[in-house]
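The values are calculated or read from the model by the stated rules, or taken from the named source; none is laboratory data. Quantities reported herein were computed from a predicted structural model and do not represent experimental measurements. Ideal geometry is used to build each Cβ from the backbone, glycine not excepted, and the neighbour counts take in all protein chains shown.
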Amino acid sequence: MSVHPYDALIIGAGHNGLVAANYLAKAGKKVLVLERRDVAGGQLARHVFGDGFAVDPIHPGGLLRPDIIADLGLGKFGFDGKPAARAPYIALLPGGQRLHLVAAGNDAATLESIRTLSAKDAQAWPAFVNFMDKAAAFLDAAYRTAMPRLPNVNFRREGLPLAKLGWTLRRLGGRDMFGVIRTLSMSLVAFTQEWFESEPLRAAIAAVGIHGHTLGSMSAGGGFTLIHNWRNRGGLAHAPVAGGTARIADTLVAALQARGGQVRCGAAVTRVLVDKQRATGVQLTSGERIAAKAVLCDADPRHALLELVGARELPPEFVWATQSIRMRGAVAKVHLRTDGRHGIPEGTLAHAPTLKYLERAFDASKYGEISAAPYLEITTDADIVSVHFQFAPYTLRGATWAEQRGPLERLAVATLAEHFPALPASIRQIASILPTDLESTWGLTEGDLNHGQLQIDQMFFMRPIPGWSNHRTPIDGLWLCGSGVHGGGGISGASGRNAARAALGASSR
Ligand SMILES: Cc1cc2nc3c(=O)[nH]c(=O)nc-3n(C[C@H](O)[C@H](O)[C@H](O)COP(=O)(O)OP(=O)(O)OC[C@H]3O[C@@H](n4cnc5c(N)ncnc54)[C@H](O)[C@@H]3O)c2cc1C
């Protein structure tokens with residue numbers, strides 16, 4: 001093995017790995033990104049199911065951080081990060097009724113739509129949007145702030161950014177500051193009750209809070225996940241990217257290559273090479289070894305630490321804590337190629353009629369069952385209809401996913417057909433992504449979308465595990481940069497950028 005042909009290897013070409021690689025390359029480092037799949041982009045890569053049925057498989061939209069777009073000069077590659085359009089968030093209600101919501105306090109159509117349910121709620125809407133925007137801005141500031149490895153704080157390096165974050169919270173003003181702190185731990189039932197009286201409106205908002213998370217409307221911490229997703233979407237509806245979300249990844253690859261960085265697809269890492277507690281490179285499944293001064297890993301922390309490094313190289317209590325990271329995928333996606341006559345309007349549509357409906361959908365997953373009455377979120381891209389399905393637990397009781405694909409697809413279509421009777425006849429092809437597919441194809445342990453549940457006890461200075469929140473690991477020169485560390489999930493790029501900065505800071509000391 002040659003000595004250090006690269007300054008840094010990045011395991012995984014998800015957007016966070018690509019963001020980290022770009023920051024390192026921008027700082028003059030020689031970087032190589034290694035991706036196990038035959039395509040770069042991780043969860044953002046375009047997917048072809050067969051017969052040319054190509055989709056953005058996971059995300060109908062995404063907002064890469066504007067400061068990352070500016071830092072990396074992505075505008076030069078034709079990417080400004082601005083949403084292509086702002087379609088509404090539409091709650092599908094029984095009896096064909098619909099609630100149209102735009103996350104703006106002064107949107108006349110939204111206020112009118114809410115007024116049909118409750119005049120009092122329409123009056124409360126502007127203050128609610130204002131509060132959510134402030135809460136999301138605070139979370140955004142928290143995600144861009146590197147977390148110290150509590151209980152140790154390096155006051156020179158970490159103290160000032162932390163003090164700034166505290167000041168950001170204080171500046172919200174007494175009422176909103178306490179509001180944000182309280183909301184983080186509240187259930188969605190309790191939180192929405194403080195703002196609104198109308199059940200359909202409360203359920204529509206709560207659905208955004210449980211989207212992608214394994215919790216129900218009555219679970220503690222739903223307030224936090226709602227603020228997280230509001231930050232991620234810039235409100236309630238997804239923010240579509242012109243040309244599709246894969247453009248984010250494609251642009252990051254182009255920017256990296258322009259800086260002299262390389263991406264190798266079809267290069268699965270099987271081992272991080274460690275010598276005397278220091279990462280020295282990686283080994284691929286082909287047996288090839290590549291040396292580097294540093295290794296950054298965009299794969300989830302359990303895969304990175306337990307499979308690629310291995311328990312033998314790590315302190316026992318660290319191994320135990322890593323094994324204990326909760327990873328509990330419970331999401332499936334169903335993509336329908338139609339003849340275009342599906343009858344579904346543009347926007348982000350939610351089938352989540354009541355708070356109890358959401359809680360019951362979640363209940364099923366607690367017992368290893370697919371929700372009989374699922375929460376669905378629907379988006380369209382011309383003739384393609386994409387359905388986000390919850391809950392579909394990774395571990396099924398008394399059944400296997402191989403036999404449940406058809407039933408899940410049929411259930412998704414039948415549930416949607418209640419609102420859109422023309423849909424079933426318009427379908428030409430169905431393709432689904434089950435939690436087991438998320439693991440086998442997308443490399444997500446237990447199908448966990450966020451590389452570890454985004455719940456309050458696994459966040460901030462406790463992500464990925466308490467005491468290890470600054471991207472470091474017990475192996476010198478091995479850094480974690482994916483969604484499983486502070487700044488993730490979503491597709492903001494924060495964890496990739498923060499990790500690159502930490503690695504660059506260490507290399508300059
Ligand atoms: C259906 C769905 C809905 C979602 N909704 C939301 C949401 O509402 N809110 C939210 O915050 N987040 C959501 N997410 C999660 C969000 O998409 C992810 O957090 C984010 O995309 C992860 O980006 P990443 O770069 O960290 O990792 P990934 O995109 O997962 O990339 C990791 C890369 O590492 C590669 N890799 C893994 N192991 C190896 C190896 N050994 N060798 C080489 N390469 C390897 C993988 O192939 C992959 O390309 C959702 C995800 C899904 C699937």
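One residue alone among Gly221, Gly266 is within 15 Å of the ligand (Cβ to nearest atom) and out of contact with any His (no Cβ under 9 Å at 6 or more places or on another chain), and that residue is Gly266. Of all the listed residues (Ala20, Ala25, Ala70), the sole one being within 13 Å of the ligand (Cβ to nearest atom), closer than 27 Å to Leu480 by Cβ and of a type in the set (Gly, Ala, Ser) is Ala20. Screening the stretch 383-445 for helices (runs of 4 or more DSSP H) wholly inside it with 2 or more residues that are in contact with a Cys (Cβ under 7 Å, 6 or more places away or on another chain), surrounded by 18 or more Cβ atoms within 10 Å (Cβ to Cβ) and in contact (Cβ under 8 Å) with a residue 40 or more places away in the chain returns no ranges. Counting the residues of the stretch 28-46 that are farther than 23 Å from His59 by Cα and within 14 Å of the ligand (Cβ to nearest atom) gives 1. Here is the figure for the stretch 224-278: residues that are under 12 Å from Gly62 (Cβ atoms), touching a strand residue (DSSP E or B) at 6+ places or on another chain (Cβ under 8 Å), of a type in the set (A, V, I, L, M, F, W, C) and assigned to a loop (DSSP other than H, G, I, E, B) total 0. Every test in (1) part of a helix (DSSP H, G or I); (2) loosely packed, with under 15 Cβ neighbours inside 10 Å is passed by Ala136 save one, and that test is (2).
Every residue, every condition in (1) assigned by TED's automatic domain parsing to the domain that holds Glu418; (2) of a type in the set (A, V, I, L, M, F, W, C); (3) under 28 Å from the mean Cα position of the chain (by Cα), yes or no:
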| position | (1), (2), (3) |
| --- | --- |
| Glu307 | no, no, yes |
| Ala311 | no, yes, yes |
| Thr348 | yes, no, yes |
| His351 | yes, no, yes |
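Which residue pairs have Cβ atoms under 8 Å apart, sit 6 or more places apart or on different chains, and have a first residue in the stretch 3-25 that is buried (at least 24 other Cβ atoms within 10 Å of the Cβ) and a second that is modelled with pLDDT under 95 and not in a helix (DSSP H, G or I)? Cβ pairs passing all conditions: His15/Ile491; Asn16/Gly488.
Out of Lys293, Lys356, one residue alone is assigned to a helix (DSSP H, G or I), surrounded by fewer than 22 Cβ atoms within 10 Å (Cβ to Cβ) and touching a residue at least 40 places away in the same chain (Cβ under 8 Å). It is Lys356. Any chance the stretch 385-400 includes a residue that's within 16 Å of the ligand (Cβ to nearest atom), under 23 Å from the mean Cα position of the chain (by Cα), of a type in the set (S, T, N, Q) and at pLDDT 95 or above? Yes - at least one qualifying residue is present in the stretch 385-400.
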